[in-house]
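A short reminder: the numbers here are calculations on the coordinates, not readings from a lab. Values in this document were obtained by computation on a predicted structure and should not be read as measured data. All Cβ positions, glycine included, derive from the backbone under ideal geometry; neighbour counts span all protein chains shown.
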Amino acid sequence: MAKAKDKSPKTLIADNRRARYEYAVEDNMEAGIQLLGTEVKALREGRANIAEAYVSVEGNEAWLINANIPIYAPASQFNHSPTRHRKLLLKRKEINVLLGETQRKGRTIVPLKLYFNKAGTAKLLIGIATGKQTHDKRETQKKRDWQRQKARLMRENG
């Protein structure tokens, strides 16, 4: 008898909802993040913003750039810089895949979600995506509105 996959509970810290609107996400990948102690404590408070962040592959390393993790007030002088570059912990093969994908026309790497996994380590869900054009964004909005309206009608009449 095959075991069912364990759906591990994830504590969501930050969600980049704008990325799903701006980009058509084709593939997802989970990456660890190299963090300082005060950054982990600030994340445990649920304070982070990855809406303006992006991932860059430089040399043999992947970096999370422009993610905002606010300072942790009780740490006073031992605090971190809120928008510093953070190294992503990926295997060499995964970095090579990301590098190959970004060299294709119009592809970019966007952070989608920042969360703590079941073991309590901070993880970043990144997506390989292509930018949407204006008419694609309008189509996405129309589909979302129709789904919302359909659900409302089903609740009222069903």
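Remark: the range 14-20, residue by residue, has Karplus-estimated 3J(HN,Hα) of 9, 10, 9, 5, 5, 4, 5 Hz, where x stands for each Gly or Pro and the curve is 6.51 cos²θ - 1.76 cosθ + 1.60 at θ = phi - 60°. Each Lys and Arg contributes +1 and each Asp and Glu -1, all at the Cβ; summed about the Cα centre of the chain, the dipole is approximately 580 debye.
Longer than 29 Å from Cα to Cα, which of K87/K143; K41/K113; K10/K105; K10/K91; K41/K105; K41/K132 are they? Say none if no pair is. The pairs that break the limit, which is 29 Å between Cα atoms, are K87/K143; K10/K105; K41/K105; K41/K132. The alpha carbon radius of gyration of the chain, expressed as a multiple of 2.2 N^0.38 Å, is 1.22.
Taking 19 Å as the cut-off, the amide N atoms of the range 65-96 that come nearer than this to a point 7 Å along the Cα-to-beta-carbon line of T102 belong to 65-68, 83-96.
Using θ = phi - 60° in the Karplus curve 6.51 cos²θ - 1.76 cosθ + 1.60, the 3J(HN,Hα) couplings for the range 144-158 round to 5, 5, 5, 4, 5, 5, 5, 5, 5, 5, 5, 5, 6, 9, x Hz; x is entered for Gly and Pro.
What percent do you get for the relative contact order of the chain when only Cα pairs under 8 Å and 6+ apart count? Once divided by the residue count of the chain, the mean separation gives 31 percent. Here's how it looks for Y72: its modeled amide H is under 5 Å from those of H80, which are all 5 or more places away or on a different chain.
Helix content alone sets the calculated 222 nm mean residue ellipticity of the chain: runs of n ≥ 4 DSSP H residues at -39500 (n - 2.57) each, divided across all residues, give -9500 deg cm²/dmol. Here the range 100-137 is scanned for amide nitrogen atoms under 17 Å from the site 7 Å beyond the Cα of R44 along Cα-to-Cβ, giving 115-123.
Once the chain from R155 to K91 is taken as fully extended at 0.36 nm per residue, the excess over their C-alpha distance is 18.4 nm. Can you compute the FRET efficiency between F78 and L12 using 1/(1 + (r/R0)^6), with r the Cβ-Cβ distance and R0 = 25 Å? Round to the nearest 0.05. E(calc), rounded to 0.05, equals 0.40.
Pairs of Cα atoms nearer than 8 Å and 6+ residues apart set the relative contact order; for the range 17-82 it is 30 percent. If the chain linking A51 and Q141 were pulled fully straight, counting 0.36 nm for each residue of separation and taking away their Cα-Cα distance, it would gain 30.5 nm. When M154, M29 are arranged by Cβ crowding within 10 Å, least crowded first, meaning fewest neighbours, the order is M154, M29.
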